[in-house]
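Taking it in order: structure first as structure tokens, then the write-up.
The values are calculated or read from the model by the stated rules, or taken from the named source; none is laboratory data. Everything numeric here is computed off the predicted structure, so don't read it as measured data. Here Cβ is always computed from backbone atoms with ideal geometry, including for glycine, and neighbour counts include all displayed protein chains. Accessible surface is based on the protein model in full, side chains and every heavy atom, while ligands, DNA and RNA are left aside. Shrake-Rupley method; radii C 1.70, N 1.55, O 1.52, S 1.80 Å.
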Amino acid sequence: MADYLIAPSILSADFARLGEEVANVLAAGADIVHFDVMDNHYVPNLTIGPLICEALRRYGVTAPIDVHLMVKPVDRIIPDFAAAGATYITFHPEASEHIDRTLALIREQECKTGLVFNPATPLHYLDHVMDKLDMILLMSVNPGFGGQKFIASSLSKLREVRQRIDQSGYPIRLEIDGGVKVDNIRAIAAAGADTFVAGSAIFSAGRAEDPNRYNTVIAALRAELAQAK
Ligand code: DX5
Ligand code: ZN
């Protein structure tokens, strides 16, 4: 079986109890913390910044933190996230005037890089930077909100990116973000994804009073992944 990673998006967590939510979801078997940063400019919503990332590290979170920047401009905030303990820093090519420079800046800060593609963003942005990428993130919804429906054409885009990664020979992760659920994760994996962001599917699963609800949903996601080809 491929090396599949599950990355709960804390956008759908209870922010009033964020440390506990993150600890619980990791204890339930999640691999990576997906951290959505929105600026009410590049996307029409406003969320969390480096202070919260640092607070999670101080709370004791040691798992990788996957910072998904939906902000414009990008560069100014990268050193702050690196200092706050980010593991991955991914950004949208449309939000950077100099993509190569932004990728270099992320690696200089000793973080892993990633480029994020909106549903209608063309893949040609990958043409000259494969050697500078640790992750490619395909959005399967338009960025800005959790709980949206998976856009079906993302599956063929995933297959295209999977081919590009395999041909490149670089160990680049292929992450999918938006509308990932128990009932579609198997098809998404079969199309080539290896890293799965899930926000509402995880944090809204089951009954709030059930202490095992995160274990149950993560086990269900993994059971589907075990059957993916
Ligand atoms: C959307 C964010 C996603 C979002 C996914 O802009 O990038 O990470 O939280 O939420 P779900 O899994 O609910 O579609
Ligand atoms: Zn995201």
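Observations, loosely collected:
- Qualifying positions in the range 47-86 - surrounded by 15 or more Cβ atoms within 10 Å (Cβ to Cβ), more than 17 Å from the chain's Cα centre (by Cα) and of a type in the set (D, E, K, R): Glu54, Lys72, Asp75, Asp80
- Among residues of the range 112-125, those that are surrounded by fewer than 20 Cβ atoms within 10 Å (Cβ to Cβ) and in contact with a strand residue (DSSP E or B) (Cβ under 9 Å, 6 or more places away or on another chain), counted: 6
- So Asn215, is it touching a Gly at 6+ places or on another chain (Cβ under 9 Å), open to solvent by 20 Å² or more (accessible area, probe 1.4 Å), on the phi < 0 side of the Ramachandran plot and touching a residue at least 24 places away in the same chain (Cβ under 8 Å): yes
- Conditions (1) in contact with a Phe, Trp or Tyr (Cβ under 6 Å, 6 or more places away or on another chain); (2) within 17 Å of Gln227 (Cα to Cα): number failed by Gly179: (2)
- Every listed requirement among (1) within 16 Å of ligand 2 (Cβ to nearest atom); (2) farther than 27 Å from Ala228 by Cα; (3) not polar (S, T, N, Q) is met by Asp100 save one, (1).
- Screening the candidates Ala190, Ala152 for the property of being modelled with pLDDT of 95 or more, within 16 Å of ligand 1 (Cβ to nearest atom) and within 19 Å of Ile136 (Cα to Cα) yields one hit, Ala152.
- Only one of the numbered conditions (1) in a loop (DSSP other than H, G, I, E, B); (2) under 27 Å from Lys112 (Cα atoms) is violated by Ala152, and that is (2).
- In this structure, Leu18 does not satisfy being open to solvent by less than 10 Å² (accessible area, probe 1.4 Å), among the hydrophobic types (A, V, I, L, M, F, W, C), within 15 Å of ligand 1 (Cβ to nearest atom) and not in a loop (DSSP other than H, G, I, E, B).
- Residue match in the range 100-111 (condition: open to solvent by less than 10 Å² (accessible area, probe 1.4 Å) and more than 17 Å from Val37 (Cα to Cα)): yes
- The number of residues in the range 1-26 that are touching a residue at least 24 places away in the same chain (Cβ under 8 Å) and among the charged types (D, E, K, R) comes to 3.
- Candidates in the range 168-202 are the residues that are in a helix (DSSP H, G or I) and in contact with a strand residue (DSSP E or B) (Cβ under 7 Å, 6 or more places away or on another chain); of these, the one that is surrounded by the fewest Cβ atoms within 10 Å (Cβ to Cβ) is Ile188.
- Meets criteria (under 17 Å from the mean Cα position of the chain (by Cα), within 16 Å of ligand 1 (Cβ to nearest atom) and of a type outside the set (Phe, Trp, Tyr)) for Ile172: no
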